[in-house]
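Take a look at the structure set out below.
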Amino acid sequence: MSMTRRHFLLLTAVAAAAWDSIIAGTPEAASTYNMTDHWYGMLMNIEKCIGCGSCVRACQLENKVPDGYFRTWVERYHIEDWTVENPTVDSPDGGKNGFVELKETGGKNFFVPKLCNHCADSPCTQVCPVGATFHTPDGVVLVDGKYCLGCRYCIQACPYGCRFLNPATNTAEKCSLCYHRITKGLTTACCENCPTGARQLVDFKNPNDPIHEFLKTHSVQVLKPYMATKAKVYYYGLDGSVR
Amino acid sequence: MHVPVEGFMYPNEIELQWSVLIVLYPFITGLVAGAFILASLERVFNVQAVKPTYRLALLTALAFLIVAPMPLQLHLGRPERSFEMYLTPHRTSAMAMFGFVYLWYLLGVLVVEIWLEYRRDIVELAQSSAGPKKWLYRALTLGSYNVSERALKIDDKVGWIITVIGIPSAFLLHGYVGFIFGSIKANPWWSTPLMPVVFLFSAMVSGISVVMLLYMLTCRLRKRPINMPCVDTIAMYLFYTFLIDFTLEMVDLIHRIYEADESFRSLDFMVHSKLYFSQIMLQIGFGTIVPLVLLAITQLVNLPEAIRKFAYSIAGVLTLIGIFAMRWNVVIGGQLFSKSFLGYTTYKMGFVTKEGLLPAIVLSILPFVILWVLVKVLPPWYEEARLAQAAHGD
């Protein structure tokens, strides 16, 4: 069939309209994701964390986190001897660029990666005056940036220092557990970029998730258990000095 | 902006979230609640001695109440969304109740009580003034010109009922502010069930002080003698309320020292360093002990009138400074230490910034400007006016 000028002009108009979709990549398939089938958390293996900061960098790139603020960060603890109540802690720029090696003075050093604990009884969602921060049925605490007032009550209420006010949007922000990724079957940016597998996204409702076996055979802890927030980030090898 | 940090703070904690404007908010609502409670002394508890300050106390409460939400509005990251608190309040949030408590107190209690109290004057002024003033007062009558004895009796009865409802409402307004802080379990400096009670009593102390000072000031400006039995009675109430407030704060302090939980070392360090001036010197020393001693002397020793006036003025001003320092120490102090209890940050206050010192100064002056306008429109000196009327044989 020969192309007439009329057909050509018609096709050009259609192609122009479709261009946005073409450059955005293949359209997504209809989602079969069912939120109630999942219950997410994370497992941190302190013994595997080397403090390289890959997770922090990956998170900042993936989620466009502004400089000086952190959805995840890494702390380095140094404990001299039995003085566990007086650890020396640092986290230069959230551990984003790793850590300068300490002079050998004895004692022990270890790294503690941190992020929002996606607590099941989260004080931050409790205090939000408009419900802009909320629980998803799959166990993730999210912030609706289009609804947040920027009152910062949630930042005050978080016992773990996980939230901040994004200076660009003037709304509260925190780790979303890469919700845009995990609902597509991917893992979080931090877990994907951890070179030692110290961080693992876990789905407690998935019977095949290795977390079930791990929990049966290892001692784990959450941060500040006395806060009774039902935190869902579990730490293996967590020292008692960690706050 | 570089913020000096000592020790270790979680990286997101270095910047303070609640500024001097949030210090101003509980200070202002405290003045509202306190002024109203002083007014209710005359109305409900029939303390006739404080009658000369009744109307002034109501207008003071209204002037400060109008300003109360302004620091909050300025503080919000997205102020254009603040109305969402009314449309979609989150039921589990104490803060979500702010709008409703505020509106109830403003429209359900204070404005109604002031209107009922002034209705007779408004009708008289609507009939006696001319020009735009006449229209203003005619609008304020809301179409009711009935000032018969029976109508005034009903006004009085309804006013009494509203004051009775108003007292728990005033408690709610300020107790709620204390609850906002006291219910944050993440912050040991704030988290105590005593917080709403301490806030309430400190509110009464500051409200009584501000009305006492304003009464003495307005008498001086109007070149009228100060009604000393009235000021003496107010000072007595100030002394006893302050004593309860101070006792509660000391109970809290002693409890913290004795219990010495994991946060204590951190908080203790803070009180001895970053908060030494504002807490030990301003709040406890100059802002509480000195005015308490001054007020105690006036209660115990029969001092001449001029000295009493001077002592009340100094005690009143120092009390207000002390209560402001208390609000500062709660709000700012509660953010200076890390929730890891391993470090401390610094509060850097801007000047001409959205949440800086200049807007705080403007918001502190604004209630007095509003009060000046209110006093012009609704003169509170009714006792004198009625006496003058009686002298003219009306």
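Values in this text are rule-based calculations from the coordinates and carry no lab data. Quantities reported herein were computed from a predicted structural model and do not represent experimental measurements. Quick reminder, even Gly has a Cβ in these numbers, built from the backbone with ideal geometry, and neighbours come from all protein chains shown.
For the reader, a short list of remarks on this structure follows.
- With the convex hull of its Cα atoms as the shape, segment A:54-181 has an orientation-averaged projected area of 9.0 nm².
- Helices assigned as whole DSSP H runs in chain B whose Cα atoms extend at least 18 Å along their own long axis and whose mean Kyte-Doolittle hydropathy is 0.5 or higher are found at B:20-43, B:54-67, B:149-182, B:195-221, B:228-259, B:305-331, B:357-377.
- Close amide-amide hydrogen proximity is noted between A:Glu75 and A:Val112, A:Lys114, each under 5 Å apart and 5 or more residues distant or on a separate chain (H modeled in the peptide plane; Pro and chain starts excluded).
- Rounded, prolate or oblate (a/c below 1.5 giving rounded, otherwise prolate when a/b exceeds b/c) for segment A:163-238 by Cα gyration tensor: oblate
- Evaluated over the Cα positions of segment B:137-191, the convex hull gives a direction-averaged projected area, one quarter of its surface, of 5.9 nm².
- When every Cα-Cα distance of segment B:169-244 is counted in 5 angstrom steps from zero, the calculated P(r) takes the values 3, 16, 18, 17, 14, 11, 9, 6, 4, 2, 0 percent.
- Here the protein assembly as shown is assigned +1 on the Cβ of each Lys and Arg and -1 on the Cβ of each Asp and Glu. Its dipole about the Cα centre then comes out at about 1700 debye.
- Under the shape rule built on the C-alpha gyration tensor, where the axes satisfy a ≥ b ≥ c, segment B:282-376 is oblate, since a/c reaches at least 1.5 while a/b does not exceed b/c.
- Out of every Cα-Cα pair that the protein assembly as shown contains, those further apart than 34 angstrom amount to 53 percent.
- Counting every C-alpha pair in chain B, the share spaced more than 39 angstrom apart comes to 22%.
- Take each residue of peptide A:142-154, count the partner chain Cβ atoms within 10 Å of its Cβ, and average: the result is 5.
- When only alpha carbons are used to place a centre, segment B:152-215 and segment B:59-105 end up 16 Å from one another.
- As a ratio to 2.2 N^0.38 Å, the alpha-carbon radius of gyration for segment B:1-101 is 1.49.
- All other residues whose Cβ lies under 15 angstrom from that of B:Val109 are scored, Lys and Arg at +1 and Asp and Glu at -1, for a net of -1.
- For chain B, the residue among B:Ile180, B:Leu110, B:Ile28 whose Cα projects farthest onto the positive side of the dipole built from Cβ charges is B:Leu110.
- What the Kirkwood sum gives for segment B:242-337 is a hydrodynamic radius of 14.5 Å, with every pair of different alpha carbons counted.
- For segment A:123-172, the ratio of Cα radius of gyration to the globular rule of thumb 2.2 N^0.38 Å stands at 1.04.
- Principal-axis tilt of helix A:5-23 within chain A, Cα atoms, nearest 10 degrees: 10
- Three-way shape call for segment B:157-312 based on the alpha-carbon gyration tensor, with the a/c threshold at 1.5: oblate
- Taking max minus min of the alpha-carbon positions on each principal axis, segment A:32-114 gives extents of 55, 28, 20 Å, largest first.
- Over all other residues within a Cβ to Cβ distance under 15 Å of A:Pro210, the charged ones net out to +1, with Lys and Arg as +1 and Asp and Glu as -1.
- Dipole magnitude (debye, nearest 20) for segment A:138-187, charges at Cβ of Lys, Arg, Asp, Glu: 80
- With 10 Å bins from 0: P(r) over segment B:296-339, alpha-carbon pairs, percent: 25, 31, 21, 15, 7, 1
- The share of Cα pairs per 10 Å bin across segment A:117-224, counted from zero up to the longest distance, runs 13, 39, 35, 12, 1 percent.
- Cα-based helix-to-principal-axis angle, A:54-63 vs chain A, degrees rounded to 10: 40
- Packing around the peptides B:10-23, B:124-137, B:354-367, B:276-289, taken as the average count of other Cβ atoms within 10 Å per residue, puts them in this order, highest first: B:10-23, B:276-289, B:354-367, B:124-137.
- 27 Å tail of the calculated P(r), chain A, as % of Cα pairs: 44
- Gained length - B:Lys153 relative to B:Phe264, 0.36 nm times residue gap less alpha-carbon distance: 34.3 nm
- Rule-of-thumb Rg ratio for segment B:65-204 [Cα; 2.2 N^0.38 Å; N residues]: 1.36
- Residues A:Lys224, B:Lys153, ranked from the fewest to the most other C-beta atoms within 10 Å, line up as B:Lys153, A:Lys224.
- Principal axis box of segment B:1-40, alpha-carbon based, largest edge first, Å: 49, 18, 14
- Within segment A:99-231: Cβ-based charge dipole about Cα centre, in debye rounded to nearest 20 (Lys, Arg +1; Asp, Glu -1): 220
- Taken over the Cα atoms of segment A:67-140, the convex hull encloses 144 Å³ per residue.
- Shielding value for B:90-102 is 4, the average number of Cβ atoms from other chains within 10 Å of each residue's Cβ.
- Averaged over the residues of peptide A:128-140, the number of Cβ atoms from other protein chains lying within 10 Å of each residue's Cβ is 4.
- Neighbourhood net charge (14 Å Cβ-Cβ; Lys/Arg +1, Asp/Glu -1) for A:Asn97: -1
- q = 0.21, 0.25, 0.30 Å⁻¹, segment B:54-116: log10 I(q)/I(0) [Debye, one scatterer per Cα]: -0.90, -1.08, -1.28
- Unit charges at the beta carbon, dipole of chain A: most positive-side option, A:Leu201, A:Phe214, A:Pro92: A:Leu201
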